[in-house]
Amino acid sequence: MLKSDRTFFLRPQDMIGIAILAILLVVVLPLTLDNFRLQFVGKYLTYAFVALGLVLCWGYAGILSLGQGVFFGLGGYCMAMFLKLESSSVEATKIQTTPGIPDFMDWNQITALPLMWQPFNSLTLTIIAVILVPALFAFIVGFAMFKRRVGGVYFAIITQALAAIMTILIIGQQGYTGGINGITDLRTLNGWDIRTDSAKTILYFVCVALLIACILIAYFVKSSKLGRILVAMRDKEDRVRFSGYDVANFKVFVFCLAASLSAIGGAMFTLQVGFMSPSFVGIVPSIEMVIYAAVGGRLSILGAIYGTLLVNWAKTSFSESFPELWLFGLGGLFIAVVLIFPNGLAGLWQTYIAPRLGPLFGGASARRASPPAATPPAAPSSGTAAPAAAE
Amino acid sequence: MFSDYSLAELGSIFVMQGFAGLILFSVFVLMALGLAIIFGQMGVINMAHGEFMILGAYVTYFTSQFFLNYLPGLFGAYFFLAMILAFFAAGALGMAVEWLMIRRLYKRPLDTLLATWGLSLILQQLYRTVFGPREVGVELPEWMMGSLPVTDMVEVQINGLFVMGLTIAITIAVALLMYKSSWGKQVRAVVQNRVMAGAVGINTEKVDRYTFGLGCGIAGVAGSAFTMIGSTGPTSGQLYIVDTFLVVVFGGAQSLLGTIASAFTISQAQSTMEFFLSGSMAKVLTLLGVVIILMLRPQGLFVIKVRR
């Protein structure tokens, strides 16, 4: 169905880039960092799934969603509900008025497991839900809006409102969602204790493997005909429409894909960190996730991963030593990434470092981050994210 | 749910909730007016709007402290000076921001959103560092305290009435400025056709700067009014920004009348539901209703045709 005019969807430099990232994540970081720091990297990598989705959705298709935290949260909550049910067995909760239901439900005078929670007794259904629930939600939102040609800033504001609604809803419905504390005290996955150090290391590698798989999916989408249409649509939506394509369907697809990617990240987050709370769903985390993609380079799949790692690493080390400086730094980053380097780290790499590496390595220069062949290197003044709204 | 109350009680509940809704409406209108000018007329998403409002609130707080300490005799009138100071402080900051940042981004509306979000983070932290993380409240002058009894069961607060009166006055002033003055004509000309407006000799850059300044200045006044009914902290502005954007988008971005109508609808719906449901559910239902209506009618309630 998705035919590419190239024989293989990865170019040589893409393969080198992915290999370098894989070596960094699988070999270098586990060998150089202690367990504690490695768990931090694992947590950052779960945000990288969101950034990956944003590169496809925002960078390539020009749809800025400020509600990616909702999908991250949906994925995370689905996983957390399964883990919570497993740790609330009848024996473990026999001091409650109603044994066998999660503790926060008991505190809120709920006496039977709500229907919404029933499917999460099964791991298979949970994994399906992690991917499908956010995609379905994204489909409803995307279908309603893109069919009516809502785009650009209106879409951004409405998705932001959705993030606000979701947070208020989760906090308000304490008996069903755990309220502001979220779903905590998660212990085992099918009997396997996820709190030990060795389990966390294994989960880290699972997370890396999933991330690489998702990167491959992203490259596949990018280099397929679909990816070309997305870019064309971002730059000149009307021409694509007049060429006979139904623009809305492509937008809905890429928005759903981004939602599912975010949700996988959310589920991995819950597994590695051991809880899920509304503080990862709302407006502030959602817009921070956009900055990860923007710092890495909104047009670069691999750049987004490095951007996520870098911003989060900076956040952790700043908040440890100078907590009051961090917001200045983050705010400055937002402004700088928009005004000074709109294509992020990948753009800097492409302009300053790759040309000098070229002579040294004989051609395989753009190994870390390369903008798509279809897009000329965008000068800082040209609007890479604007076209959807600038009509 | 109505059966527990007698008819007279029910009537006064609706009146009281309606009045609470009117105060919320006034705050929405004041915030949304500035935003409607900036977003509707210039197409710029100003995520730092709440922080401009908080600047106005802090200016008001410090003016009240100054009067309390040095001019206690004139304390009853400090608010009027504070409002003017708030307008100029927020307006000046707005013009500086426009000159440094926004004017480079007019062709990239989504990027203004990110940049102004960054600005809002910086301003929040600045307020926290300079003014402290504690919420501050102003002391109201004597004549603004207390409430007026209307019937046995219904009474209205004077500060609420004052904020409402202020809102009406500012709205009329903005409407006159935009639709009757020659400067307003220039602003609307630039919105409708930037190139032609430039060709007939309007300095579009200057118009942009003053428009942005005006929008921020009105936000400052909104913050000033906000101190009359609530306390102010470094992050208070962020609480209102999403609601305000929804108000502006729901009303139809280019229309001042639409902004007022949508602020009225949203605030009344929210405060009436708040009495019967929990506060959070009222908010969820209101926002969800607005989002669904926007999906069905993306252009908002009132539309003005604009050539882009």
For chain A, modelled as a Gaussian network with Cα springs under 10 Å, which listed residue fluctuates most, A:Y60, A:Y44, A:Y245? A:Y245
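In deg cm²/dmol and to the nearest 500, what is the mean residue ellipticity at 222 nm of chain B if only DSSP H runs of at least 4 residues count, each as -39500 (n - 2.57), divided by the residue total?
On the way: 11 runs with 217 residues, N = 308.
Calculated at 222 nm, the ellipticity per residue is -24000 deg cm²/dmol.
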Prolate/oblate/rounded label for the stretch B:121-181 (Cα gyration tensor, a/c 1.5): oblate
Tally Lys and Arg at +1 and Asp and Glu at -1 over the other residues with C-beta under 13 Å from the C-beta of B:V44: what net charge comes out? +2
Dipole-positive endmost among A:G274, A:A209, A:A144 within the stretch A:12-285 (Cβ charges, Cα centre): A:A144
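Assuming R0 = 41 Å, can you tell me the calculated FRET efficiency for the pair A:I95 and A:A22, based on Cβ-Cβ distance, to the nearest 0.05? All intermediate terms of the calculation are to be shown ahead of the outcome.
Numbers: r = 47 Å, r/R0 = 1.16.
Step by step, r from the Cβ atoms, then E = 0.30.
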Please check: in the Gaussian network model of chain A (C-alpha springs, under 10 Å), which one of A:G62, A:G53, A:G182 has the largest mean-square fluctuation. A:G182
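Could you give the dipole magnitude of the stretch A:1-91 about its Cα centre, charging the beta-carbon of Lys and Arg +1 and that of Asp and Glu -1, in debye to the nearest 20?
On the way: 6 positive and 5 negative charges, 53 e Å.
That gives the stretch A:1-91 a dipole magnitude of about 260 debye.
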Peptides ranked, highest mean first, by Cβ atoms within 10 Å: ranges B:56-63, A:117-124: B:56-63, A:117-124
Mean other chain Cβ within 10 Å across A:162-175 is 4
Given the C-alpha centroids of the stretch A:40-90 and the stretch A:163-220, what is the distance between them in whole angstrom? 8
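Per DSSP helix of 4 or more residues, -39500 (n - 2.57); summed, then divided by the residues of chain A. What does that give at 222 nm, rounded to the nearest 500? Before the final figure, lay out each step's value.
Details: 17 runs with 247 residues, N = 391.
Per the formula, -20500 deg cm²/dmol.
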Mind checking which of B:Q268, B:Q125, B:Q238 has the largest fluctuation in a GNM of chain B, springs on alpha carbons under 10 Å? B:Q125
How many angstrom lie between the Cα centre of the stretch A:100-133 and the Cα centre of the stretch B:36-98? 49
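Inside 10 Å of the C-beta atoms of B:99-105, what's the mean count of C-beta atoms belonging to other chains? Provide the component values of the computation, followed by the final result.
Working: counts 0, 2, 3, 0, 0, 4, 5.
Mean partner-chain Cβ count within 10 Å for B:99-105: 2.
About the Cα centre, and with charges only on the beta carbon of Lys, Arg (+1) and Asp, Glu (-1), how big is the dipole of the stretch A:12-285? Nearest 20 debye, please.
Numbers: 18 positive and 13 negative charges, 192 e Å.
I would put it at about 920 debye.
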Which value results for Rg/Rh of the stretch A:12-285 when Rg is the Cα radius of gyration and Rh the Kirkwood radius based on the inverse mean 1/r? 1.01
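Which net charge results when you count Lys and Arg as +1 and Asp and Glu as -1 among the other residues whose beta-carbon is under 13 Å from that of A:F104?
-2
Please get the size of the charge dipole for the protein assembly as shown, origin at its Cα centre, with Cβ charges of +1 on Lys and Arg and -1 on Asp and Glu, quoted in debye to the nearest 20. Write out the running numbers ahead of the final one.
Numbers: 43 positive and 32 negative charges, 630 e Å.
For this selection, approximately 3020 debye.
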Within the stretch B:79-159, report the trypsin sites (Lys or Arg not before Pro) that DSSP leaves as loop and that have at most 13 other Cβ atoms within 10 Å. B:R134
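So which of A:K43/A:K225; B:K185/B:K206; A:K147/A:K236; A:K200/A:K315 end up more than 24 Å apart by C-alpha?
On the way: A:K43/A:K225 33 Å; B:K185/B:K206 14 Å; A:K147/A:K236 17 Å; A:K200/A:K315 22 Å.
Beyond 24 Å between Cα atoms: A:K43/A:K225.
What's the extension gain from B:E205 to B:N193 if we count 0.36 nm per residue and subtract their Cα-Cα distance?
Numbers: separation 12, 0.36 × 12 = 4.32 nm, distance 1.36 nm.
Between B:E205 and B:N193, full extension yields 3.0 nm more.
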When Lys and Arg each count +1 and Asp and Glu each count -1, what net charge do the other residues less than 12 Å away from A:F36, Cβ to Cβ, add up to? +1
What is the fewest-to-most order of B:I13, A:I305, B:I23, B:I172 by other Cβ atoms lying within 10 Å of their Cβ? B:I172, B:I13, B:I23, A:I305
At a threshold of 8 angstrom on Cα-Cα distance, excluding pairs fewer than six apart, so keeping six or more, what relative contact order does the stretch A:12-285 reach in percent? 41
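None of the figures in this text is laboratory data; all of them are computed from the coordinates on show. Note that the structure is predicted; figures quoted are calculated from it, not measured. Backbone-built Cβ (ideal geometry, glycine too); neighbour counts: all protein chains shown.
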